[in-house]
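Chemist: Attaching a single structure in structure tokens format; questions to follow.
All of the numbers you see were taken from the coordinates with simple rules; none came from a lab. The structure displayed is predicted, hence computed values, not measured ones. Glycine gets a Cβ as well: all are built from the backbone with ideal geometry, and neighbour counts include every protein chain shown.
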Amino acid sequence: MTEFCGIELAHPIVNGSGTFDAIAARRAFGDALLERFPFAAFVSKTVTVAPRQGNPAPRLWELPGGMINSIGLPNKGLDGYLAEDLPKLAALPVPLIVNVMGFTREEVARLVEAFAARDEVAALELNVSCPNVKTGMVMGADPGETAALLDAVRQLTVKPVVVKLTPNCASPADVAEAAEAHGADAVSLINTLRGMAMHPRRHGQPWLGGGTGGVSGPAVRAVALVQVAEVAARVSVPVIGMGGVQTGRHAYDLREAGATLVAVGTESFRDPLAGSRIAAELAEIEGRNLASSGAISA
Ligand code: DHB
């Protein structure tokens, strides 16, 4: 058992927001998905107040060691999510963490308030990787913006609030410290690194319909490791570490750097059961270390 913000989890492996469509997987795999759910908690994709179509195609570019995606946060909006997605996600056999994003503090407050009232929701994750349209600053790129956001939403829920940190800023550790000081119960990192790819034929044009996108996969693992280590050294709240995790050893490394939970993202696109495999590999490594430390006599 792993404890996270008062929530009991079967193991330390969860999914990164937006990287595992549990509703589509349920349709594809049926009840087998519920019997062998790959994650100890499910982090849903980002919900915004208004419905969004997402970005024009193409939305993906493959890289050596990962990919760039520019999906554009398509979702049904708050009302659609509550009516259609939440009942389906509540049927999963693990706690549900809902990821929300707003373009103003008021929008984030509206989302937090709505999910605060739902027993199906175990915790909230704030996606702060988008610009505050009122201040023009990316909420999670600046400690003051992050502090002001938490001041606006913290008192609206007693559920754990996780802040998903962006690596695209001067100091994720400074932002994490501000988040903790203003009431965050946990932080998660890393989100994707901004990147782009040029169109192979159209001169001077980007490939992605959205222009730029987020880099993920093994290519970002070393970046994740240093940022998780720096953030974990700075805060006392639990850290969810992620970035290019493909094996139990990678998850173990992030735990050694200070993460309590580890999220799997891009690897789940290659293998939808990667979460279960990585959890088993991690348990094997940690079990072996416990035995060799003398904590358990063989
Ligand atoms: C989206 C892509 C990302 O890489 C990310 O971290 C968040 C959102 C998106 O385009 O939907």
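Chemist: Which of the lysines could be linked to Lys88 by a straight reach, that is with a Cα gap under 27 Å, when you skip same-chain ones fewer than 8 residues away?
Modeler: Correct list for Lys88: Lys45, Lys76, Lys159, Lys164.
Chemist: Another question about this same structure. So what is the diffusion coefficient of region 246-298 in µm² per second by Stokes-Einstein at 25 °C and 0.890 mPa s, using a Kirkwood Rh over Cα pairs? Present the calculation step by step, with values, prior to reporting the outcome.
Modeler: Details: Rh = 11.7 Å.
For the chosen part, D equals 209 µm²/s.
Chemist: Additional query: Using only Cα atoms, locate the centre of region 233-280 and the centre of region 16-65, then give the distance between them in Å, rounded to an integer.
Modeler: 17 Å
Chemist: Continuing with this model, one more query. Starting from the Kirkwood Rh over alpha-carbon pairs, what translational D in µm² s⁻¹ does region 111-252 have by Stokes-Einstein at 10 °C and 1.306 mPa s? Don't skip to the end; give the middle numbers.
Modeler: Details: Rh = 16.3 Å.
Here the translational diffusion coefficient equals 98 µm²/s.
Chemist: Just tell me, in residue order, which DSSP H segments of the chain are both 18 angstrom or longer along the helix axis (alpha-carbon based) and at least 1.0 in mean Kyte-Doolittle hydropathy. Show your work: numbers first, answer last.
Modeler: Details: long enough: 221-234 (20 Å, 0.97); 274-292 (27 Å, 0.01).
Membrane-span-like by this criterion, though nothing is claimed about a membrane: none.
Chemist: Could you sort 235-243, 22-30 so that the peptide with the highest average Cβ count within 10 Å comes first and the rest follow in order? Write down the numbers at each step before the final one.
Modeler: Working: 235-243: 23.6, 22-30: 14.6.
Sorting 235-243, 22-30 by mean packing, highest first, produces 235-243, 22-30.
Chemist: Can you list the residues, at least 5 places off or on another chain, whose amide H is less than 5 Å from the amide H of Leu63, using H built in the peptide plane?
Modeler: When sequence neighbours closer than 5 places are left aside, the close amide H contacts are Ile68.
Chemist: I've got another one for you. I want to verify a result. In a Gaussian network model of the chain, Cα cutoff 10 Å, which of these has the top mean-square fluctuation: Pro167, Pro200, Pro93?
Modeler: Of Pro167, Pro200, Pro93, the most mobile in the Gaussian network model is Pro200.
Chemist: No solvent, one uniform scatterer per C-alpha: report log10 I(q)/I(0) for region 30-74 via the Debye equation at q = 0.22 1/Å, two decimals.
Modeler: -0.89
Chemist: How much of the DSSP bridge set in the chain is antiparallel, in percent, rounded to the nearest 5? It would help to have the intermediate numbers written out before the result.
Modeler: On the way: 16 of 40 bridges.
Just about 40 percent of them are antiparallel.
Chemist: Taking the Kirkwood radius as the inverse of the mean 1/r across Cα pairs, report the Rg/Rh of region 1-136. It would help to have the intermediate numbers written out before the result.
Modeler: Details: Rg = 15.7 Å, Rh = 16.1 Å.
Computed over Cα atoms, the ratio is 0.97.
Chemist: Same structure, new question: Would you calculate the convex hull of the Cα atoms in region 218-273 and tell me its volume per residue in Å³? Could the numbers behind the result be given before it?
Modeler: Working: hull volume 3.6 nm³, N = 56.
Normalising the Cα hull of region 218-273 by residue number yields 64 Å³.
Chemist: Here is a further query. Can you classify the chain as rounded, prolate or oblate using the Cα gyration tensor, where a ≥ b ≥ c are the square roots of its eigenvalues, rounded means a/c under 1.5, and otherwise it's prolate if a/b beats b/c and oblate if not? Please report the intermediate quantities before stating the final value.
Modeler: Values: a/c = 1.28, a/b = 1.18, b/c = 1.08.
Cα axes put the chain in the rounded bin.
Chemist: Separate question: For region 60-167, what size does the Cα cloud have along each of its three principal axes, sorted from largest down, in whole Å?
Modeler: Here the Cα extents, ordered largest to smallest, are 38, 34, 21 Å.
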